[in-house]
Amino acid sequence: MDKQSAGKQVKKVCQTVGTSLQTAYRHVCPVLTQIWSVIYNSRKLLLSIPVICLAVYLARLNQQMLPQTVGLVLLKDGNFKYMIPQAKAIYYPLALTGGCLLMMYCSRRTLYPWLISLFTMVVPLLILVTNLYPA
């Protein structure tokens, strides 16, 4: 086999492989585009699921760990400035997170309200820490 015939065979194989890859790409590309479209359109729901799960977990944790009256704003002498019932300390941060998620659903922007709702996860943790370990 000389160089020219080997070169022609390699060229023919490359063309065959190239056309089969183009055909595969034409079949796979619309499927991938459709999958991406579904993920993009449901991004708000997909982003809110972990936030909702974490908020409910923290609310249940606070329900088990907090006393019946919860202190807010720790003073220098070790007492609290405000005393609120346990239910308010559990459900108000949960409502704050829900409000942020509602703002995310109503907004055109998704990421900013989602990040704000993540920062609201600090509120139940701070309430828990200041009441279990006062200064």
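Quick one: in the range 101-110, which of the residues that are surrounded by 11 or more Cβ atoms within 10 Å (Cβ to Cβ) and without any contact (Cβ under 8 Å) to a residue 24 or more places away in the chain is nearest to residue 67 (Cα to Cα)? Looking at residues that are surrounded by 11 or more Cβ atoms within 10 Å (Cβ to Cβ) and without any contact (Cβ under 8 Å) to a residue 24 or more places away in the chain, I get 102.
Looking across 118, 126, 94, 75, one residue alone is at pLDDT 85 or above and assigned by TED's automatic domain parsing to the domain that holds residue 52. It is 94. Scanning the range 45-94 for residues that are among the charged types (D, E, K, R) and assigned to a loop (DSSP other than H, G, I, E, B) gives 76, 77.
Within the range 51-60, not a single residue is at pLDDT 85 or above, loosely packed, with under 10 Cβ neighbours inside 10 Å and in the same structural domain as residue 104 (by TED's automatic domain parsing). Only residues that are under 11 Å from residue 121 (Cα atoms) and touching a residue at least 24 places away in the same chain (Cβ under 8 Å) were counted across the range 37-69, and they come to 7.
The values are calculated or read from the model by the stated rules, or taken from the named source; none is laboratory data. Bear in mind that the values here come from a model prediction, so they are computed numbers and not experimental data. Because the Cβ atoms are built from the backbone with ideal geometry, glycine has one as well, and the counts that use them run over all protein chains shown.
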